Structures are given as C-alpha cells and as structure tokens.
Amino acid sequence: MADHFTGTPLPVPPEQLTEETRQLLVQVADDLDRVAPGAAMNSGIRLARPLVLAERLHGATVAAHLAEQDLLAAMPLVRDEQTRGEYAALLRLIAEGVTA
C-alpha cells in the first residue's frame, strides 16, 4: 500500500522484509559508502537508487517494479543534515533486522 499524497510505499517492518530487499538495502548502502560518504544525503538519491538496482536485477519488468516498491518501503525518509554514510549505516541496520 502507498501513501496517498506521495505514492511512496508505506514503511515495512524489518521482520517482513524479503531476502531480496535485504540484499538490495546492502547494495544501496555500499553505493552510498563508496561515493562521497561524507556528502549530504537527499531524497532524490533515496528515490533513484531503488529503481536502478531493481532494474539491474530484473530488467524493465513487473518484478523490477515490485522490487523497487519493496525497497522504497524499507528505506526511511532522509533526515536533515544526514550524510550518505550515516544513511548507509541506517540501511545496514534495517537489513540486519534492527529496529529503532
């Protein structure tokens, strides 16, 4: 299910994440750590990376769309002044099933 105003999938509790979503979370985290981890994280990156990774994995298919939506639902909103590295660390915690 998606947020009525933004179309963003509603958050998924960590215990409901699929193994594929966990792996994609780690891939996003790796990308963020690899390129400018001290730079500011932003919502555009949060929205773009799931599509890129899902289509890399599944091609331009319905499976890619579903993987993208699952990944977005697992990724929290970006906080003010959060760095790419900090967000990457948060994604790793979510992938490991750690809840706040």
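The values are calculated or read from the model by the stated rules, or taken from the named source; none is laboratory data. All of these numbers come straight from a predicted model, not from anything done at the bench. Methodologically, a virtual Cβ is constructed for each residue, glycine included, from the backbone with ideal geometry; neighbour enumeration extends over all protein chains shown. Keep in mind that these areas ignore ligands, DNA and RNA; they rest on the heavy atoms of the full protein, side chains included. Shrake-Rupley method; radii C 1.70, N 1.55, O 1.52, S 1.80 Å.
Annotation note: of L57, L72, the sole residue that is open to solvent by less than 50 Å² (accessible area, probe 1.4 Å) and part of a helix (DSSP H, G or I) is L72.
Selection of first residues in region 49-77 that are closer than 14 Å to L91 by Cβ and of second residues that are part of a helix (DSSP H, G or I) and of a type in the set (S, T, Y), restricted to Cβ pairs under 7 Å at least 6 apart or on distinct chains, gives the following pairs, ordered by first then second residue: D70/T21; L71/T21; A74/T21. Residues in region 78-95 that are touching a residue at least 40 places away in the same chain (Cβ under 8 Å) and of a type outside the set (S, T, Y): E81, Q82, R84, G85, E86, A88, A89, L91, R92, I94, A95. Scanning region 54-89 for residues that are over 15 Å from S43 (Cα atoms) and of a type in the set (A, V, I, L, M) yields A54, L57, A60, V62, A63, A64, L66, A67, A89. Filtering region 79-100 down to residues that are open to solvent by less than 40 Å² (accessible area, probe 1.4 Å) and among the β-branched types (V, I, T), which residue is farthest from R22 (Cα to Cα)? Once the filter is applied, the top-ranked residue is T83. Scanning region 17-45 for residues that are exposed (fewer than 12 other Cβ atoms within 10 Å of the Cβ), touching a residue at least 12 places away in the same chain (Cβ under 8 Å) and not in a loop (DSSP other than H, G, I, E, B) yields a single hit, S43.
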